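Below is one structure, written out as structure tokens, with a few remarks after it.
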Amino acid sequence: MDNIVADIVNVGLLDASASDRIKESLAQGSSLYDTLTGAGVPVDKTLQYLSKVFCYPFITLDKHDLTKEFLTQFPARILLDKHVLPLSDDGTMLAVVGNPFDTSGVDELCLATGQDFSIALAPITDIDRCLKRHLGVGADSVQSMISDAADSGLKIIDQDTDEDMDLTASADEAPIIRFVNQILTEAIDLRATDVHIEPFEGELRVRYRVDGVLQQTSVASEVKQFQPAIVSRLKILSKLDIAEKRVPQDGRIKIRIADREVDVRVSVIPMLYGEAIVLRLLDRGSVLLGLERLGMSERDERIMNNILTRPHGIILVTGPTGSGKTTTLYASLAQINDIERKIITIEDPIEYQLFGINQIQVARKAGLTFASGLRSILRHDPDVVLIGEIRDIETAEIAVQASLTGHLVFSTLHTNDAPSAMTRLVDMGVEPYLVASSLEAVIAQRLIRLICKHCKTEMPASEVEPLRHQFSNLPEVLYYGKGCRHCQGTGYSGRQGIFEMMVITEDLRAMILENASSQALRKVANSQGMLSLRQDGVRHLASGMTTVKEIMRVTKDEQLEHGTHGIY
């Protein structure tokens, strides 16, 4: 034992002060792997050291050319449950494991295949990622489904026929349940906001929307034959009619995973090759951000804090679905939430639960809509009201009346930029004089992806120079993400907001009264200091947090021109 401890200190894994702790851990029966990782030694360094001790090769999996055809020769259940990856290296069969002291997976693999394997080492996270990439999500469940179908004589009926089929029984089979659970679990692990399950002629495609961009995940081709059972399982969970396949349906699922509560909004729509499903994931355990963490510039944060002191009026946050509008509104409410104010919200759905704020969930089947709920809210003596979304003239008019009777009203609107919000309200049917007298501010926003910190790289000068010819005002150094395991190869991880703050001044009120166009309103607002979304995004370039390509992706190019405006 003393020799081992001395060697660990000698190679620099731990310093001499940890010697006693290592000896104590080993004396209590802990393996050397658990002892080193428990003492804070990184997994890859631990495995590299143990590979020398045991004369096992340490494998860098990214450098090996694995194929799906090779891996499907082995039982997926063993590979995934035991975290073991078979490799063929110059005719030698290797079983890559993440812990040399736990080789039960290698033993099971030998028994199942009748082959002999030599042990090799790699981090478990790398093994799992490699398996998932090549076998697809839920590969073990797929094998079980195929096996169960063969054993039970389950017949997969051609979807092009109109033959009736009872899918409840097949949807209740454990492998189907496990497969659906694995899709949801992986989506939550990847921080996905949406899951798209899409039927095509020869495959069932699964995609996750991560950081606002869809990414396809690998799924075994055999899953296609179990498409009706998978759809039925999700319908059962969301309390939808599994017999109805001709019209769209909407439902909800509430799930719990690792003490996290996630609401799932389910949308089912009939397509050419079956029913497509989109699952919208709302993580109630998400940390509610404060205004200072939304990504606002110091100037915008000052403007926002000033807006929140208004005693009455309407504050609108605009942008497309998934642009962070609700997060901004909740951060605003949290800022002004105190014992002296009564705050009531009406939402569909309630995404965050805020202590001290009265929140109402829209229930259309019971007759509780935004408009009807808003009328009742105003009889509850509120100081501040949040309306999840202004969708129709009735809701808009009640919101205007609420603001004119001394309430501060927050809401969202689907417009591309801030000036368009005024014209949108007028187009809905709200009189221009009501819009002019009630509106206090409009905040348009988008979410831009941030460069992954683990693979952030300075862009070569040869690539920056062409951009300088196209855009002026670029910072000296630009960065990009090469793509790594931490960001799923995208080069981006996490998002932050960019904002277009339009405070309604007397000049703008006069123009709204005259029913001015959004372009005219923008021109005046710009002259008064409003920055466009693209202009606000440039500060993230200067700080090395994002890329020119990302800013271009989420903002309009109507103002993009070479010359005085540069990237703006």
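The values are calculated or read from the model by the stated rules, or taken from the named source; none is laboratory data. All values derive from a computational prediction rather than experimental measurement. As a convention, Cβ positions derive from the backbone with ideal geometry for all residues, glycine included, and neighbour counts pool all protein chains shown. Ligands, DNA and RNA are excluded from the accessible area calculation, which covers all protein heavy atoms including side chains. Shrake-Rupley method; radii C 1.70, N 1.55, O 1.52, S 1.80 Å.
Estimated purely from DSSP H runs of n ≥ 4, each contributing -39500 (n - 2.57), the mean residue ellipticity at 222 nm for the chain is -11000 deg cm²/dmol once divided by its residues. Here each label is just a point 7 Å from Cα along the line to Cβ, and for E69 and Q215 those points are 2.8 nm apart.
Against the chain, whose longest principal axis is taken from its Cα atoms, helix 533-542 shows a tilt of about 40°. Of the trypsin sites (Lys or Arg not before Pro) found in region 275-340, the ones in coil according to DSSP and having at most 16 other Cβ atoms within 10 Å of their Cβ are R284. The length gained by stretching the chain between C110 and L513 to full extension, at 0.36 nm per residue less their Cα-Cα distance, is 137.1 nm. The alpha carbons of region 314-411 give a radius of gyration and a Dmax of 12.5, 34 Å, in that order.
The value of relative contact order for region 9-60, using C-alpha pairs under 8 Å at least six residues apart, is 26 percent. Taking 4.7 Å between beta carbons as the limit, the unpaired Cys residues of the chain are C55, C110, C130.
The angle between the Cα long axis of helix 518-527 and the main principal axis of the chain comes to about 90°, on a 0 to 90 degree scale. Across region 373-441, Cα pairs under 8 Å and at least six residues apart give a relative contact order of 33 percent. Pairs exceeding 26 Å between alpha-carbon atoms, taken from K224/K325; K63/K132; K254/K482; K325/K456; K224/K549: K224/K325; K254/K482; K325/K456; K224/K549.
Among I377, G40, C455, pick out the residue whose Cα is farthest towards the positive end of the charge dipole of the chain, where Lys and Arg carry +1 and Asp and Glu carry -1 on C-beta, about the Cα centre. Going by the Cα projections, it comes out as I377.
Were the residues from D62 through R341 laid out at 0.36 nm apart, the gain over their Cα-Cα distance would be 94.8 nm.
Between the entries (i) -0.63, -0.98, -1.37; (ii) -0.59, -0.86, -1.17; (iii) -0.57, -1.04, -1.32, the label attached to log10 I(q)/I(0) by the Debye sum over Cα atoms at q = 0.07, 0.10, 0.13 Å⁻¹ calculated for this structure is (iii). Averaging the sequence gap over all C-alpha pairs within less than 8 Å and six or more residues apart, then dividing by the number of residues, gives the chain a relative contact order of 8 percent.
Judged by the gyration tensor of its Cα atoms, with axes a ≥ b ≥ c, region 200-267 is oblate; a/c meets the 1.5 cut and b/c is at least as large as a/b. Think of a 1.4 Å ball rolled over the protein heavy atoms: the chain then has 48 Å² of accessible area per residue.
Would you mind telling me the antiparallel percentage of the DSSP bridges in the chain, rounded to 5?
65
Near V426, within a Cβ-to-Cβ distance under 13 Å, what is the net charge of the other residues, with Lys and Arg +1 and Asp and Glu -1? Net local charge, V426 excluded: -3.
Counting protein heavy atoms only, the chain has 49 percent of its accessible area on carbon and sulfur, 1.4 angstrom probe.
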